[in-house]
Structures are given as C-alpha cells and as structure tokens.
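Visitor: Dropping the structure in here first, questions after.
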Protein chains: 6
Amino acid sequence: MHIRVVLPVIGETLVEHVRSEVLAWASPDTKVDVIALERGTASIESEYDEALSAPGILQRIEEAATDGVDGVFITCFGDPGVHAAREIIDAPVVGGFEPAMLTALSLGENVGIITVLPNVVPMLHSLARRYTIERRIGTIRVVDLPVLGLEDHEVLVERLFEQAADAVAKREADVIVLGCTGMLGVAAELRDRLAAAGHRVPVVDPTGAAIAWLESSVRLGVSPSRTTYMPPPAKDRRA
Amino acid sequence: MHIRVVLPVIGETLVEHVRSEVLAWASPDTKVDVIALERGTASIESEYDEALSAPGILQRIEEAATDGVDGVFITCFGDPGVHAAREIIDAPVVGGFEPAMLTALSLGENVGIITVLPNVVPMLHSLARRYTIERRIGTIRVVDLPVLGLEDHEVLVERLFEQAADAVAKREADVIVLGCTGMLGVAAELRDRLAAAGHRVPVVDPTGAAIAWLESSVRLGVSPSRTTYMPPPAKDRRA
Amino acid sequence: MHIRVVLPVIGETLVEHVRSEVLAWASPDTKVDVIALERGTASIESEYDEALSAPGILQRIEEAATDGVDGVFITCFGDPGVHAAREIIDAPVVGGFEPAMLTALSLGENVGIITVLPNVVPMLHSLARRYTIERRIGTIRVVDLPVLGLEDHEVLVERLFEQAADAVAKREADVIVLGCTGMLGVAAELRDRLAAAGHRVPVVDPTGAAIAWLESSVRLGVSPSRTTYMPPPAKDRRA
Amino acid sequence: MHIRVVLPVIGETLVEHVRSEVLAWASPDTKVDVIALERGTASIESEYDEALSAPGILQRIEEAATDGVDGVFITCFGDPGVHAAREIIDAPVVGGFEPAMLTALSLGENVGIITVLPNVVPMLHSLARRYTIERRIGTIRVVDLPVLGLEDHEVLVERLFEQAADAVAKREADVIVLGCTGMLGVAAELRDRLAAAGHRVPVVDPTGAAIAWLESSVRLGVSPSRTTYMPPPAKDRRA
Amino acid sequence: MHIRVVLPVIGETLVEHVRSEVLAWASPDTKVDVIALERGTASIESEYDEALSAPGILQRIEEAATDGVDGVFITCFGDPGVHAAREIIDAPVVGGFEPAMLTALSLGENVGIITVLPNVVPMLHSLARRYTIERRIGTIRVVDLPVLGLEDHEVLVERLFEQAADAVAKREADVIVLGCTGMLGVAAELRDRLAAAGHRVPVVDPTGAAIAWLESSVRLGVSPSRTTYMPPPAKDRRA
Amino acid sequence: MHIRVVLPVIGETLVEHVRSEVLAWASPDTKVDVIALERGTASIESEYDEALSAPGILQRIEEAATDGVDGVFITCFGDPGVHAAREIIDAPVVGGFEPAMLTALSLGENVGIITVLPNVVPMLHSLARRYTIERRIGTIRVVDLPVLGLEDHEVLVERLFEQAADAVAKREADVIVLGCTGMLGVAAELRDRLAAAGHRVPVVDPTGAAIAWLESSVRLGVSPSRTTYMPPPAKDRRA
C-alpha cells in the first residue's frame, strides 16, 4: 500500500519529523512518502491560511493521482483541501480532523479537542457542523502555542495535561483529541499522565488516526462517493 | 457608500453584465466597482474550483482593504473565500448564499434552492450546515446548465419555472432562492410566472440580497465579529 | 417607500421617541408613520401581555393594508402578532427579533441577547426555536429593568456593558443583540465601549435592523409566502 | 377534581357536544364545566384567529383562577393562549396539541397528524418546533374540511381513514393524532378501520389526551414551573 | 383496570414498599400486583445490569401477556426491557424515564434529572437521545447514593434538595425529575422545600408518572404501534 | 493482536463461515477466534432477540477479559450488548453498526442502509439517534429475507442491488452500508454491479469495517473512556 502524505505548508523543516512519525503509525508493509508545498503558508492557523494553501495542496493531489497512490493524508487538523481533493482523485483522502473525530465518537460521550490557538476554534466548530458531529463536541480548548511553537515537548505535554485534566474533571470531555497534527509523539504520554491523575480517558492522535483510517479504507475497498464528490467539469483554470 | 464587487472568476466577459445588474439593485448613492480575478477559474462549479479561486479572491480583498471600501460582495452563490476574507478586512463581506438564505428564512417555512449543476448540490448542503440553517432547506434542485451556459434567458426562466413550480406543488418549497449569482435578471419574472400559475411565493435574487445586505450592514454599523474572525497571525506566506 | 411603525402598546408617550429613532435609521426617501394601540398593554413583558395586545396590533395591520403601506414594523422584540399579520397584508411585516437575529447570524458564531427582565427569557428561547436558530444563541441575559424603566441612558448603557462584556469574555457571545426595541440609541455607544475594553464585537440594534430589513425586502420585491401564510378563511369574528 | 373546559370560540352551538365528549373521557368523580368565549372567532384556523381569540381565552382563565379550578383545558389543537394562561393561574393548563403529541411520542416512531385545512399546517410545524418535537413529525395531512364542517361523521371518518392509511402505508406514520379537537368521537372507529385494513397503529384523540393529562397532572401534584412561566409584572392593561 | 408492576431486580425486600407506593398513586379501582425477578441483579446501575436483567424482565412480560393485564410498569428509571416488551404484549408498557420525562416537558423549559450514581448519567443521556428529548435536558445530577442506599429518607431529601436548588438557581432546571424509581415518597416534600426556598418548580415522581401514564393510555385506548414494535419472528430461543 | 469474535447466536452452523470471512478481512498477523453463545437466540431480528441474547454475550465478554484479548467484535449489526460490554473489559468492543456507519460518514453525504427485515428498521433508527448520526441516514431499506435466509448468494445480491440502485437513483444514498453482518462476501460484488450501472458509490461491509476498526483502535492505543463506561458497582447478580 502506498500512502502519500501532503504536508500542507511551505518549507522542508518538518518533513523528516512527520515522516518518522507517520512511519511509526503505519503498517510495516505500507510505503509512505511525505511532500511539502511549493506554494502556501508556513503554517495553517486561520481560514486565510487554509485558503492560501489550497491550490498548492491540490497540485500535490494531482501528482498523487498521477502516481497512482492508494491514499492521501493531508496532514493538518483543519482538513484543508480535503473535499476538493476527493473530487479529483480515485482514492481515499483525509486530513486530521475527520478520522480523529470519528474515531473519538466510538470511545465516549463528549469529545474534548485541544488545539493550538484561539484563532482556530471557530474553524473547528464550523468543521464539526459540516460533518454533523457538533453535538458531540464537549469543549474546544487551546494550549496557546502556535503551530511552529510546539517543539518544546515538555511545555506542550504540560499544557495539554492542564487543559485535558480540567476538561475531564468538569465533565466536558470523555475523550481527548489532539487538535493539531503538529502535536507529534505526545498522545500516549498524555493518556498515561491523565490516567495517573485518575482520568482514564483515551487520547486520539490525529496522525495515527488518519494513517489507520487510510489503511482501513484501502483494505475495505472504499473510496469517496462519486455522487457526493463529482468530478469537476472541464474549463479554463489559471491558479 | 463604496461597495467592491469581486467577480471570482478569470476573464472580463461577465464584468459589465454584473456591474449593470448590481447597479440596478444598489441605492443611487452607492458607488460600485466590479473586478474579476487575475488567478482562478472560468467559473465555480466544484469544491476544486472554489479552492483554486481562493487566493485570487483574497488578493482582491487585500486591495479592497487598502482602498477602504465599505463592503465587499464576492459574487458567487458558494460563498468562496468569504470567511477567510472576514479575517483580513474591517468591513462586511458576503457572497450570495448567506444573505439570500437569511432573507429567505423570514419569508416562509421551507426554502427551495434552484442551482446550476448536480455537482454543486453537496456543496450547498455543506454550506447550509455550516450556517446552521439546513433544517429549513426543503429542496435543492438544478436547471442542469453550467454557469457559463445561463445566457439564454428563455431557457433559463423555463427551467427555473419547471423546477420551482414542481417544488411548490409538492410542498417542498415556500420560498425560492436562485442558487447561482449568474442567474441575472430573472427573479421578478420567475415570481410572476409562478404567481400566474397559482403559486404565490417569493423569489430571492442572491445578487440583490447581497447588495441590500451590505448596504444594511453598513447603515447598522456592524461588521464581522473579531472573536469569530480573528486576524491571522503573521508568518511566511507564498501563495 | 412608506413604512408603518406599529408601537404595540397603549399610550402615546413613546411615539415621538420611536419616530425620531426610526427616522434616524431609515433612508431619507422613506416615509415613516408611527401609531400606538387603542387596546393593549402599557408594555410587553410576558406571554400574557403579548396575547392581550394581539387584537389591537392586528387592527393596526388591517388599517395598514387599507392604506397600502409598503412594509410594517411592529416595534417589539417579541415579534407579537407578526405571523398573524403576515396572513392579512400583502407586504413585509417584521418585529424586532427576527431581523436582528438573522442579521446577527451573519456576523459571528454565538449570539448574545441582552433583554429587560427574566420574564422575557423563556419567550425568546421559544421564538428562537420557532425560527430554528436556537443553536446559535450563546446566552440570553437581562439588564433587570422593565421596558418602562429604560429611560435612564447611563444606567442602561452601564448594565448592557456589564452583561455584554462578561458574555464575550466567557466566550458565550461573539455578537450582541439588544433584546428590547425600547433600548433606543445605545447600540453604537455600547459597541464602542466594548471595543475600548478589547471586545471587538458588533452590536445589533433591533429597530435599525428591522427598518433596514423592510427597506431591503421592498427593494428585493419579496413579501411573505402565501403557502406559509395563507389568508384566513372567512367567518364570524368578534374580537 | 374540577376541570374547566374553555371552548375558545364565540357561540354556544358546540358547548353541549364538547361537554358530553369531555365527560365521556373524564373520570366519574371529575367535575367538568364548559364555557365558550364572549369575544373571539367562530373557529380557529389561522394565526389570525388565534390572535383574535387570545384575550377572550385569558378572560376565561382569570375566571377559572378565581373559581379555584384544578385544571383548564383550552379545547383547540393549536394550543391558543396556553402559554400566556400558565403565567396567570396556579393550575395545569393544556390545549390539545401538547398532551396528544407527548402521548403519541410514547407509542411509536413517527407521528402523523391529520388536521382540518392546509392553513393550519404551518402553525402546527411551528408548535412542534416550540415544543422541540419536530423530529418526530412524520407527516401533517388534512381532511380539507373546515372546523365547522366536521359534523358529517361518515365523511370525516372516511377522509381520516384515507389519509391515515396512506400515511401508514408509506411509512410516514406509526401513530395517528387527530389534529383538531372538533374531530369528536371518531378515534376508536378510525383505529378499528385501520386495524381492519392491516394497519395496527394507535389513534390519539386530543380531547381524551388533554383530559387524561390534566387529571394525571393534578394527581401528580405538578403545575407549570414558575421559572418558565413567571407572573406578569403589574401594569396598565386595556384589552 | 389491572396493572402489573415488574420490579426488575432479584430479591423480595422491596416488593412491599413498591406496592404501597404504587397503590398510593393508582386510582382506587385499579388492581395492582408487583412481582420481582427470578433472574437478574440486585439493582440496576449500569448497562451491564440492564443487560443481565432483560431476560428475567421479559419472562415477566410474557406472564403478564398470558394473564391479560391492561398495562405493565417496569419500575426502573432506565426503562430496561421496555422496547423489547412492547414487541411481545398488546398493552402499554412503560418504565420510569419516558412517562416522567414526557410529563416534565409540559411543565417548563429545562428539565433537571437527579439520579443515584455517576455510572447512570451516560445511560440517561443515551435514553434521552433515543427518545429525541435530549435538547430539553438542562442537567443530570446525582445524590451519589446507590439504589440500595436510598432508604435513609432524610439524607435522600437533603441531597436531592441541594442538587435541585443549585440546578434551579443556576437556571439549569425549571422542572425536577427524580431519576430513580427507588426514590419513593419524596417528591412532594422536595417540591415543598424548594418552594420554601423560593424555587417554585414542579417535581416529577417517576412512579407516579408511570402509573398515571398507564391508566391514561388504557383509558385512551392506545397501545404501542405495531409498525414500530413488530412481533418478533418465530425462531429457536434458549435464554 | 488477538481479536475475539462473539457470534451472538446459539448454534455452531455459522461459526466457520464467519471465521473465514473475518480472516479474509484481518491482517495476516491478527489472531482470530470465533465463539457462539451458550444461551441466546438463533438469530437477532428484534429488540426481544437482542434482550434475550445479552447475558450470553456478556458471558463471552467476561471470558474474553480473562483471556486478555486485544479487542472484541460482537458480530451483529444491531450492536447487541456492546455498551454493557465496554463497562467490563479494558479493550475495544464493537458490533457492526458503529464502525460501518462511522466509516460511511467519511465517504459521502447520505448513508443508505440495506438490512434484512422491516422489524429491524426501527431498531436501527434508535441506534442512529443514540450515536447522534441520524441526520446522515438517507434511507433504511430491506431485502426482506430473514438472517437465516441469506445463504442464497444470488438472491441476496440481486435484492441488494435493486434496493441500492433505487436508493442512489433517488438521491437517498451516496454510500451503501450492508445492514446485517450475515450478508457475508457480497460488498465488492454489489459495489461493482452498482458501478456497472453508473452508480459509483462505496459499499461498506460491516464485518470488514469492524475488524479494521478494532485493529486501528489497538494500534492507536485507545479503548473506551472510563468516564462514559464506568465499571459496574459490585452487587448480587443471578442472570
């Protein structure tokens, strides 16, 4: 199985980190390649960033279609370009939000998302409504760190723990979802710290959820419905 | 009052038609200018088209902000780029969907949208959910003409009438909304044909609704909330 | 354009204040007249008051129909008699709630209403459900002043500010709607005080929203659907 | 137990029929009196009629409060004046809609209402939303007879059967609710005709449901919450 | 009228207490018998307990069907076995949740449930969704006593009062529903204590609500719809 | 990884067929064992059957907990015993409904379920509400064959195709979910027949979806939340 990971930002600095993390979640026999954008933004933290990165993402989707990959992971929790991508490739395409949230729905009543900045919160509420899962969102909280400021592992885990523990204690969350695909390699540690504090709740890593979702979809022989995601009509395009 | 109309497609052919139609709806003392895109697509009929046109739209929004306009109408029923635009300009920004639909809500129980192609239907359902008005959509139907094939006035009115009359007769619609801003200059005629056939229902023109909405917003002194539409953080962008 | 403002209370004391406020919002070429009720209550602060004022309001609607006005504003935030009125006049009719709330929906995620007394809060929740917009109500709060006790401008603005600032700070509101049409001439001041305190959120005045809504509706050539608002069958009536 | 039945129309012609029907449903030890309105309309088939009858109904409620009755049934399926009434009397008050519909919810998945005229259908949808039960309405249909044209028992039963049988066959209804309190004495016959045709579904009579609801409420010692239905503030009223 | 009360637990210790309480709510001419289970659990406080008690409950339902009773009350607030029971008996069957909650809906806006243990809270949310009434649940709280620890009347009333008063004060509840049918004989006292503290809200006893519901259903001639509750196909069963 | 498949019926006849089908979906390194019930019913086609099979299922869950399996699949589309099971084992437990439906949500707008008999349809609507996904159900249809009558492969595929093609053509479904885990080995064939008829929609096999879900959950290190699924309190149980 061949999975293409589109890192929807410009710059190569995160590519290796993402690759190693994706490989850690993927099945041993899954081939993974990771590619960043030629055009876009340094990170995605607003509707504006999402809009600016969309054409660069779709360029990578067209390449993926040409390369005949089996699935595509656009590694951002805001699912940028995901629905447009499904119109132009015959393979499953996911971002981080949808697979992480659908996974979370099977684990408990209220889902608590912990994301990066307040800017992102309204976008996630909009996404939840688009996916008709807004009734299950118990809380959306932030660590108040930008995407490019998540590299300090201890600070990140500490802030995630504070927010998650408070959300569970107030009964706003039964399941925690990490609300940024840049929060790499912290899910298990957060789950264990919560358990040690008496909060036995699952923590869903969106990168892991996305890779597992794609592998499952390929195995199940399903790809996006062509009555929902119709191929775009031919026309002049100059993006 | 100065309203900037962003025609979110490439090519100048539609500019004059849009300008005259907008002027017909606008108050006499409203200044209107219409500008198409440098980069984008010839029409918008898919998520893919929307994504490709977004950076070109946002470039026009930035210019509008610099020019200090009082309001912006992105003249497409899919509201492309609208939410991103609100993050970067301190003035009301609307597409065609939101003002037409909110207007329709005050006119009757079930809203029937008649749009161009089947491709667009799932996008409109997604928009309706995003705006939390999906429960009021009675039906979404199509004239089965592409955006660039709407110029035959008689064919267009005939197909609109067929769909609208059928929707009202089946009690799927109490209000008709024209589901493409390219359906110019047909609302009153459609309303009158429906009335002549015994269907006394209002028909909402999205261009008219958008212009009225912007003028009202300016008069009311309101613009998008900065707790929902936060300014994007500074970062490297190369779109 | 000729707009009839029905002040749905008995007594003439408020008429001039309402007239000047409405004129301040209306277009220069809009003719406005304001008329109070012969029968009704001194103010509307309960379902009981609404019910008692309904026949007096409908008498004014029948006169407005005879006079051939272009639109009617029943100036109360509870929308008393609005739906009955739509059955008997071929022109747009609004109260304060519907146009203010639909306007607010386009401005931000959660709407905070600040009204007069706790008595009114359940009525507004019922209205929100009737209009299928209850999911967007973030909070309904009160200044705890009766309708006839709103004349002290400073007290009113102070209490509005306290409630609005608290609602925004707690993320319960991204948009503020003044929940009584008797809160005249305070919207801009409240908005500016909130902005000065760091809360950049719009404030919607229901009188302004209603006048703009009616003018827009007339311009758009729309009036309430006759499949939703059917003319009442003939019969003996003795109200 | 003393139940006051308010027949919310002018004219005495229906009083005896209603009285005998109510007595047939009531417990033997329940005292029942039936009183029509001094002011109002000959029947209620529109929002307009409801509004005009409200003050006359509330006059009867005030008398009922003075008389110390144990419960009040406003015998109309549109629940006219019910919520206003609850503000001014310390006893349970119901119309026909709420008790019939809540009873129906316990009997099957989708509720089919069969009412008199198309005019009434949007009002019932509004009521359903007010009561947050709209998701359970499978269909609202009409016999296309006015309230004052229901006296031909055979025609009424025939039309009810046609609509109900069709609704059940199309899986739009698992429970039938008679949508007018003027459809007296037909529920059991309709149920039996449906069963004979192979449709084993319950039929809820709104008069019976209302009387049973009031007797149950009195027995349970419950009356409307004063935090939802607050007493109206004192003021000048001239209805 | 003959009502069978199924006490869905093993052991006879509660039978007499339940019988006397049911008789206190029932009409004088209603015959009541109470029977516990042969197989099941000592109390029901989890999905696990509900599942284990289901076959024992259904055995009692089959006996009730053979005995030709007019209605069955499965006396547990979790409605265990209720929907399965409706498939196999031609008479109304209720637990405590559905009749208490539907009764509460007619009394005020937000319903506050006070139940026994935190374990039960997610089950009640699931039930509320199944019955499509989740939007009316304002809060679900606990006295933190197990079902078999409710016998200390004073402790129980004190804890109920604390939770109910706090819920009403915070506007989370306009109506209180006792969330366990083992909370016998406390509803009126709780209501009076709340009223003495200024909280004039109704308190619904699920046992009383269930008995009144069954008696009303029998009087109305309704029983569960056979298009929702179809008879199970014949097959080999060995439970 | 060790997955225990609980076949929630009595009798061994299906065990081998289920085992081979599960093995076909499972990863090569997943150990699978399949075990039927000692007590229960020959098939599950009603709430009654579900209730009777629950204790037998939970006995198998307790054994699975003792055996330390990594995940449990209760192979029935009605998810019988799933929520009770999650209270008593520290490993993921799924039936067929939840993983198939959550998978389907990511593939298209409206989900069409095709199940066995009409008896099952109301149960599936209830499940959809419990899981808060009812808004995405476009249609639930039946092949009108009992669970134990699915062995004729051609008849089954033919009836599935008829229902699925009709549902897609009427725009009631964008994704097809097989609504019985006894519909083994037909998903790919149905998908291909639909595609050949011009309907390019995915078909989700619940057995495959469940196995993939369990393997993904184990890989992600998540199991059901202990704040939603609390361990049952100790007590006397005699099931």
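Visitor: Residues in region C:152-165: is at least one within 14 Å of the chain's Cα centre (by Cα) and in a loop (DSSP other than H, G, I, E, B)? Quick ask: steps written out before the conclusion?
Guide: First pass over region C:152-165, keeping only residues within 14 Å of the chain's Cα centre (by Cα): none.
Taking every residue of region C:152-165 in turn, none turns out to be within 14 Å of the chain's Cα centre (by Cα) and in a loop (DSSP other than H, G, I, E, B).
Visitor: In contact with a Leu (Cβ under 9 Å, 6 or more places away or on another chain), within 14 Å of C:Gly179 (Cβ to Cβ) and aliphatic (A, V, I, L, M): does that describe C:Val120? Break it down stepwise before answering.
Guide: On the way: in contact with a Leu (Cβ under 9 Å, 6 or more places away or on another chain): no; within 14 Å of C:Gly179 (Cβ to Cβ): yes; aliphatic (A, V, I, L, M): yes.
Judged against the criteria, C:Val120 is not a match.
Visitor: Sticking with this structure for a sec: Would it be correct to say that C:Arg19 is away from chain B (no Cβ under 14 Å), in contact (Cβ under 8 Å) with a residue 40 or more places away in the chain, open to solvent by 10 Å² or more (accessible area, probe 1.4 Å) and not in a loop (DSSP other than H, G, I, E, B)?
Guide: Numbers: away from chain B (no Cβ under 14 Å): yes; in contact (Cβ under 8 Å) with a residue 40 or more places away in the chain: no; open to solvent by 10 Å² or more (accessible area, probe 1.4 Å): yes; not in a loop (DSSP other than H, G, I, E, B): yes.
Judged against the criteria, C:Arg19 is not a match.
Visitor: Same structure again: What number of residues within region E:99-110 satisfy the criterion of being within 15 Å of the chain's Cα centre (by Cα) and facing another protein chain (nearest Cβ under 8 Å)? It would help to see each step written out before you state the result.
Guide: To start, the set of residues in region E:99-110 that are within 15 Å of the chain's Cα centre (by Cα) comprises E:99-104.
Remaining after also requiring facing another protein chain (nearest Cβ under 8 Å): E:99, E:102-103.
Counting residues in region E:99-110 that are within 15 Å of the chain's Cα centre (by Cα) and facing another protein chain (nearest Cβ under 8 Å) gives 3.
Visitor: How many residues does region C:95-132 hold that are of a type in the set (S, T, N, Q), in contact (Cβ under 8 Å) with a residue 24 or more places away in the chain and under 19 Å from C:Ala209 (Cα atoms)?
Guide: 3
Visitor: Quick test for you: out of B:Val168, B:Val177, pick the one residue that is assigned by TED's automatic domain parsing to the domain that holds B:Pro122 and either not aliphatic (A, V, I, L, M) or not in a helix (DSSP H, G or I) (or both). Outline the logic, then answer.
Guide: Working: B:Val168 fails: either not aliphatic (A, V, I, L, M) or not in a helix (DSSP H, G or I) (or both).
Criteria check complete, one pass: B:Val177.
Visitor: When you look at A:Ser225, is it assigned by TED's automatic domain parsing to the domain that holds A:Gly78, within 30 Å of F:Arg200 (Cα to Cα) and small (Gly, Ala, Ser), yes or no? Spell out how you get there, then give the answer.
Guide: Details: assigned by TED's automatic domain parsing to the domain that holds A:Gly78: no; within 30 Å of F:Arg200 (Cα to Cα): yes; small (Gly, Ala, Ser): yes.
Taking the combined requirement at face value, the residue does not satisfy it.
Visitor: Please list, ordered by first then second residue, the pairs with beta carbon atoms under 6 Å, 6 or more apart or interchain, first in region A:36-52 and more than 13 Å from B:Asp236 (Cβ to Cβ), second part of a loop (DSSP other than H, G, I, E, B).
Guide: A:Ser46/B:Pro232; A:Tyr48/B:Pro232; A:Glu50/A:Ile44; A:Glu50/A:Gly78; A:Glu50/A:Pro80; A:Ala51/B:Gly81
Visitor: Can you confirm whether F:Gly198 is more than 10 Å from every other protein chain (Cβ to nearest Cβ) and either modelled with pLDDT under 95 or in a loop (DSSP other than H, G, I, E, B) (or both)?
Guide: Details: more than 10 Å from every other protein chain (Cβ to nearest Cβ): no; either modelled with pLDDT under 95 or in a loop (DSSP other than H, G, I, E, B) (or both): yes.
No; evaluated as a whole, the condition is false for this residue.
Residue by residue, here is whether (1) within 13 Å of chain F (Cβ to nearest Cβ); (2) open to solvent by less than 10 Å² (accessible area, probe 1.4 Å); (3) closer than 26 Å to E:His125 by Cα holds:
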position	(1), (2), (3)
A:Glu45	no, yes, no
A:Tyr48	no, no, no
A:Ser53	no, yes, no
A:Ala64	no, yes, no
A:Arg86	yes, yes, no
A:Asp90	yes, no, no
A:Phe97	yes, yes, yes
A:Gly112	yes, yes, yes
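Condition check ((1) in contact with a Pro (Cβ under 9 Å, 6 or more places away or on another chain); (2) closer than 16 Å to F:Ile88 by Cα) across all residues:
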| residue | (1), (2) |
| --- | --- |
| F:Gly179 | yes, no |
| F:Ala196 | no, no |
| F:Thr228 | yes, yes |
| F:Arg238 | no, no |
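Visitor: Additional query: Across region F:22-40, which residue is surrounded by the most Cβ atoms within 10 Å (Cβ to Cβ) among those that are over 17 Å from the mean Cα position of the chain (by Cα) and within 14 Å of chain E (Cβ to nearest Cβ)? Walk me through it before giving the result.
Guide: The first filter runs over region F:22-40 and keeps only residues over 17 Å from the mean Cα position of the chain (by Cα), leaving F:27-31, F:38-40.
When the remaining residues are screened for being within 14 Å of chain E (Cβ to nearest Cβ), the result is F:38-40.
On the way: F:Glu38: 11, F:Arg39: 17, F:Gly40: 29.
Only one residue tops the list, namely F:Gly40.
Visitor: Which of the residues that make up region D:208-239 are part of a helix (DSSP H, G or I), among the hydroxyl-bearing types (Ser, Thr, Tyr) and either more than 10 Å from chain E (Cβ to nearest Cβ) or without any contact (Cβ under 8 Å) to a residue 12 or more places away in the chain (or both)?
Guide: D:Ser216 - this is the single residue of region D:208-239 that is part of a helix (DSSP H, G or I), among the hydroxyl-bearing types (Ser, Thr, Tyr) and either more than 10 Å from chain E (Cβ to nearest Cβ) or without any contact (Cβ under 8 Å) to a residue 12 or more places away in the chain (or both).
Visitor: Right, something else. Just to verify a result, which residue in region D:146-162, among those that are at pLDDT 95 or above and open to solvent by less than 20 Å² (accessible area, probe 1.4 Å), is farthest from the other protein chains (Cβ to nearest Cβ)?
Guide: D:Leu156
Visitor: So which residues in region D:114-145 are away from chain E (no Cβ under 14 Å), under 25 Å from E:Ser225 (Cα atoms), open to solvent by less than 20 Å² (accessible area, probe 1.4 Å) and more than 15 Å from the chain's Cα centre (by Cα)? So that I can check it myself, show each step before the final result.
Guide: Residues of region D:114-145 that are away from chain E (no Cβ under 14 Å), as a first pass: D:114-126, D:140-145.
Now restrict to residues that are under 25 Å from E:Ser225 (Cα atoms): D:114-116, D:121, D:124-125, D:140-143.
Next cut, open to solvent by less than 20 Å² (accessible area, probe 1.4 Å) only: D:114-116, D:121, D:124, D:143.
Result: D:Val143, single match.
Visitor: If F:Val5 satisfies all but one of (1) within 24 Å of E:Arg237 (Cα to Cα); (2) open to solvent by 10 Å² or more (accessible area, probe 1.4 Å); (3) part of a strand (DSSP E or B); (4) not acidic (Asp, Glu), what's the number of the condition it fails?
Guide: (2)
Visitor: Select, from A:Ala173, A:Ala165, the only residue that is open to solvent by 10 Å² or more (accessible area, probe 1.4 Å), among the hydrophobic types (A, V, I, L, M, F, W, C) and either in contact with a Lys or Arg (Cβ under 6 Å, 6 or more places away or on another chain) or more than 7 Å from chain F (Cβ to nearest Cβ) (or both).
Guide: Working: A:Ala173 fails: open to solvent by 10 Å² or more (accessible area, probe 1.4 Å).
Answer to the selection: A:Ala165.
Visitor: Just a yes or no: is a residue in region D:181-193 surrounded by 19 or more Cβ atoms within 10 Å (Cβ to Cβ), within 11 Å of another protein chain (Cβ to nearest Cβ), small (Gly, Ala, Ser) and under 17 Å from the mean Cα position of the chain (by Cα)?
Guide: yes
Visitor: Only one of these is of a type in the set (A, V, I, L, M), surrounded by 22 or more Cβ atoms within 10 Å (Cβ to Cβ) and within 18 Å of the chain's Cα centre (by Cα): B:Val222, B:Val204. Name it.
Guide: B:Val204
The values are calculated or read from the model by the stated rules, or taken from the named source; none is laboratory data. Note that this is a predicted model, so its numbers are computed, not measured. Quick reminder, even Gly has a Cβ in these numbers, built from the backbone with ideal geometry, and neighbours come from all protein chains shown. These area figures cover heavy atoms from the full protein model, side chains too; ligands, DNA and RNA do not enter into them. Shrake-Rupley method; radii C 1.70, N 1.55, O 1.52, S 1.80 Å.
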